[in-house]
Amino acid sequence: MRTRLLIGTALALLVVGILLLDGHLAAQVPPTWPVFGLDLGDWLRNGSLCTALIVVLTLLTVHELVHLARVRGYRPFAGTAQFFAAALVIGPYVSYNLSPVTGGYDESWGLLWLALALAFMFLRQSARYRTQNAMENLAITIFIIFYTGGLAGFMTKLRMEVGGQTGVTLLLFSMFIVKITDTGAYFVGRAFGRHKLVEWLSPKKTWEGFFGGLATAVLCAVLLGNWLIGAGWLQFERRLLPSSAALAFLGLLLGLVSVAGDLAASLLKRDAAVKDSGHVFPGLGGVLDVVDSPLLAAPIIWLFWTRLCVVHG
């Protein structure tokens, strides 16, 4: 438990530090560095560190999923999965920074990369294995690409579409709610847990912990969200609900998705008959064990902040 807390705290501080630095760069106006009509200073300011962090975590997660798949006897194309998963994360960053040249932000990059990935995998399969396990190899590789880069790409989309320090603030705030759900569920479940949630999949999870996690997520979302609004960090530009109700709704959604993301990763690990997806973080397991819930939550977070409740700082 002590190792888990130390490693978890250190990892959280590292991630928060990188994202805060990314937000700090967004607020600066360094000299322009024009190269072939592009301002490289803008490329540095506009989400470079945030995108790099998400890419690193995505590539590590791909590596672990490829290992799990191979333990099960599948043959995913590891290099292909890493390249196209990274491309899905980088796509929104590139599209946003090219918008002064192309004339607008284009959201079609994701589908383009998935189409290219599928075409390339057909060629790889034909050249290397011919018809042997073709559907399995293609399916497991495209699953890994979408599960990692496809979902993580919504984090980049949020950062780029909202922009600047506000984009970083929303990403940090939302991911905090996702992870605090686990903390609330752990302590409530440990104190009051009696009834198993899904015993065959995750024996330690209880219904009491589940509802405790949801309550923690809703409470933290409302209190912290209203504090950010009151402090001037965020302002609702358009909303479907009053701020407190909207934040409570977000907390409930992220609480549910947090549990679902954790159970989804447990399903994959159970199938491969392993306890942890890896051993990168002592006491925490692998990267997938850390990002399972944020991955599944990323599309919800993007949809909420860019389509349901548009904000600016």
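A few remarks follow.
- Taking 25, 308, 6 and counting other C-beta atoms within 10 Å, the order from fewest to most: 6, 308, 25
- Volume per residue that the Cα convex hull of region 79-194 spans, once the total is divided by residue count, Å³: 138 Å³
- At most 16 other Cβ within 10 Å, DSSP loop - trypsin sites (Lys or Arg not before Pro), region 51-128: 72
- Dipole size of the chain about its Cα centre, with +1 on Lys/Arg Cβ and -1 on Asp/Glu Cβ: approximately 820 debye, rounded to the nearest 20.
- Of all stretches in the chain that contain no GluC sites (Glu not before Pro) in a DSSP loop with at most 12 other Cβ atoms within 10 Å, the longest one is 200-313.
- The chain: C-alpha gyration tensor shape, a/c 1.5 cut-off, then a/b vs b/c: oblate
- Ordering 42, 292 from the fewest to the most neighbouring beta carbons within 10 Å gives 42, 292.
- Between 137, 101, 226, the Cα set farthest toward the positive side of the dipole of region 2-312 (charges on each charged residue's Cβ, about the Cα centre) is that of 137.
- Under 27 Å from the Cα of residue 275 - lysines, other chains or at least 8 residues apart: 179, 196, 204, 205
- Taking other Cβ atoms within 10 Å as a rough exposure proxy, 75, 194 sort from fewest to most as 194, 75.
- Under DSSP loop assignment and at most 10 Cβ neighbours within 10 Å, longest chymotrypsin sites (Phe, Trp or Tyr not before Pro)-free interval of the chain: 37-199
- Mean Cα-pair separation over length for region 46-183, i.e. relative contact order, pairs under 8 Å, 6 or more apart, %: 35 percent
- Positive dipole terminus of region 167-313, leading residue within 264, 168, 189 (C-beta point charges): 189
Computed from the coordinates by the stated procedures, all read-outs in this text should not be read as laboratory data. Keep in mind that this is a model prediction, so the values were computed, not measured. Here Cβ is always computed from backbone atoms with ideal geometry, including for glycine, and neighbour counts include all displayed protein chains.
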